[in-house]
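Below: the structure, in structure tokens.
The values are calculated or read from the model by the stated rules, or taken from the named source; none is laboratory data. Since the structure is predicted, the reported quantities are computational estimates derived from the model, not experimental observations. Cβ placement follows ideal geometry from the backbone for every residue including glycine, while neighbour counts extend to all protein chains displayed. The accessibility values were calculated without ligands, DNA or RNA, using every heavy atom of the protein model including side chains. Shrake-Rupley method; radii C 1.70, N 1.55, O 1.52, S 1.80 Å.
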Amino acid sequence: APVSRRSAYCAASVASLTNVLTPALFAGTAEWIARCQNWEGGIGGVPGMEAHGGYTFCGVAALVILKKEHLLNLRSLLHWVTGRQMRFEGGFQGRCNKLVDGCYSFWQAGLLPLLHRALHARGDTALSMARWMFDQSALQEYILLCCQCPAGGLLDKPGKSRDFYHTCYCLSGLAIAQHFGSGDLHHEVVLGVPENRLQATHPVYNIAPEKVVRAVMHFLQQPVPSLEPAT
């Protein structure tokens, strides 16, 4: 089992996109991640540690890839992550009693599509078929009004410096907030002018959905490497 949820997510993402995901490769991984869900409902760095948005997203996304999200207490997780959206700012905090941070626009809001899918698979009839379980407009408002640097790029919060990390995850969170579902169930909520609209991002891999399809289709045509040593 991996020591970090982040490494588990990276490994599962690459393995699933390149068609090398095998049960032997991830033996014990899902169970280890599930043990890191704590009393708050989120996932910590190791069992018993404080729940954290980045660890939680990586852990849940890895379990979705491994088709083992049922190992988590999904209701407890939902209660924790929805409580991380700040009522005044509209953005998300990464942990309880912390300040809002633009990067959690993806790490926290990105959990809601994954939870929506998992709860829908369980037959939850209370789920909306038009919006995610967070205030999508409030998050967009925080990103657009508080996280943009006049010189370009995005940032953690007003007063902080812009950087590539926060630019990436603010934009990723903005895309999550603007798009619900796909196909016939696709709904858009775009705050402000039409130019604010971003392309949708895949909630598990955080790349364009069509790129996910292209990668999967390409590597499905390749043989799965053997774990047995060459003779």
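Structure notes:
- Verdict on Phe180 being of a type outside the set (S, T, N, Q) and surrounded by 15 or more Cβ atoms within 10 Å (Cβ to Cβ): yes
- Test: residue in region 128-142 that is within 29 Å of Gly83 (Cβ to Cβ) and in contact with a Pro (Cβ under 9 Å, 6 or more places away or on another chain): yes
- Qualifying residue in region 191-205 (condition: surrounded by 14 or more Cβ atoms within 10 Å (Cβ to Cβ), over 27 Å from Arg6 (Cα atoms) and not small (Gly, Ala, Ser)): yes
- Selection count, region 161-220, where residues are touching a strand residue (DSSP E or B) at 6+ places or on another chain (Cβ under 9 Å), without any contact (Cβ under 8 Å) to a residue 24 or more places away in the chain and of a type in the set (Val, Ile, Thr): 1
- Subset of region 96-145 [out of contact with any helix residue (DSSP H, G or I) (no Cβ under 8 Å at 6 or more places or on another chain), small (Gly, Ala, Ser) and open to solvent by less than 40 Å² (accessible area, probe 1.4 Å)]: Ala138
- Listed conditions (1) aliphatic (A, V, I, L, M); (2) closer than 30 Å to Leu72 by Cα; (3) assigned to a helix (DSSP H, G or I) are all met by Leu127, apart from (3).
- Where helices (runs of 4 or more DSSP H) fall entirely within region 1-71, those with at least 1 residues that are under 24 Å from Leu99 (Cα atoms), open to solvent by less than 60 Å² (accessible area, probe 1.4 Å) and touching a residue at least 12 places away in the same chain (Cβ under 8 Å) are at 5-17, 53-65.
- Scan of region 117-127 for residues that are among the small types (Gly, Ala, Ser) and more than 20 Å from Gly83 (Cβ to Cβ), ordered by number: Ala121, Gly123
- Against the list (1) within 22 Å of Phe180 (Cα to Cα); (2) surrounded by 16 or more Cβ atoms within 10 Å (Cβ to Cβ), the condition Arg75 fails is (2).
- Criterion violated by Trp80 - all others in (1) surrounded by fewer than 20 Cβ atoms within 10 Å (Cβ to Cβ); (2) part of a helix (DSSP H, G or I) satisfied: (1)
- Only one of the listed residues (Pro223, Pro158, Pro150) is in contact with a helix residue (DSSP H, G or I) (Cβ under 6 Å, 6 or more places away or on another chain), open to solvent by 70 Å² or more (accessible area, probe 1.4 Å) and either not in a loop (DSSP other than H, G, I, E, B) or not hydrophobic (A, V, I, L, M, F, W, C) (or both). That residue is Pro158.
- Checking each residue in region 151-188 for being aliphatic (A, V, I, L, M) and either more than 20 Å from Ala109 (Cα to Cα) or modelled with pLDDT of 95 or more (or both) picks out Ala151, Leu154, Leu155, Leu171, Leu174, Ala175, Ile176, Ala177.
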